[in-house]
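Trainee: I'd like to ask some things about the structure below.
The numbers here are math on the coordinates, done by the rules we state, and not lab data. Remember, predicted model here, so these are calculated numbers, not experimental data. Ideal geometry is used to build each Cβ from the backbone, glycine not excepted, and the neighbour counts take in all protein chains shown.
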Amino acid sequence: MGRLFLVNLEGKSYSCKHCKTNLGLCDDVVSKSFQSRHGKAYLFSKVVNVCAGKKEDRMMMTGMHTVVDIYCVKCGSYVGWKYEFAFEKNQKYKEGKSVLERYKVWGPDGNNYWVAQEVEAGDSDTDDA
């Protein structure tokens, strides 16, 4: 084990709900209209202080994507996923972007988003933008 170096974000940001580690800036939110199996999720152009799991093909509401789950680098909590590859031409804009599940992060105002009910469907990535 080595020393852990974290990126400290300046400005309004989202952070891990467990350890408060910065994950993404409000300015990097591409869309707030995504949906995960646990509720709302936000698409970010850039996130920091995360590590990735293994690549896997996953059927989402908008088609097949190759994704990796992402975890907080400090505490190891699951926080969302990153799009590695989109099979559908109209979904290519997601490649290289990450989704943070809103119930797993603290908002920029310091509030935590709690889920009122769990969605029964599998992974989702609804995008109304």
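Trainee: How big is the charge dipole of the chain about its Cα centre, in debye rounded to the nearest 20, if each Lys and Arg gets +1 on its Cβ and each Asp and Glu gets -1 on its Cβ?
Mentor: 420 debye
Trainee: In this model, which of K20/K97; K12/K55; K20/K94; K12/K89; K46/K92; K17/K89 are farther than 23 Å apart at the alpha-carbon?
Mentor: Beyond 23 Å between Cα atoms: K12/K55; K20/K94; K12/K89; K17/K89.
Trainee: Measuring from label point to label point, each 7 Å out along Cα→Cβ, what is the E10 to K32 span in nm?
Mentor: Each label point is offset 7 Å from its Cα along the Cβ direction, giving 2.5 nm.
Trainee: Per Stokes-Einstein, at 25 °C and 0.890 mPa s, what whole-number D in µm² s⁻¹ belongs to segment 11-110, with the Kirkwood radius over Cα pairs as the hydrodynamic radius?
Mentor: It diffuses with D of about 183 µm²/s by this estimate.
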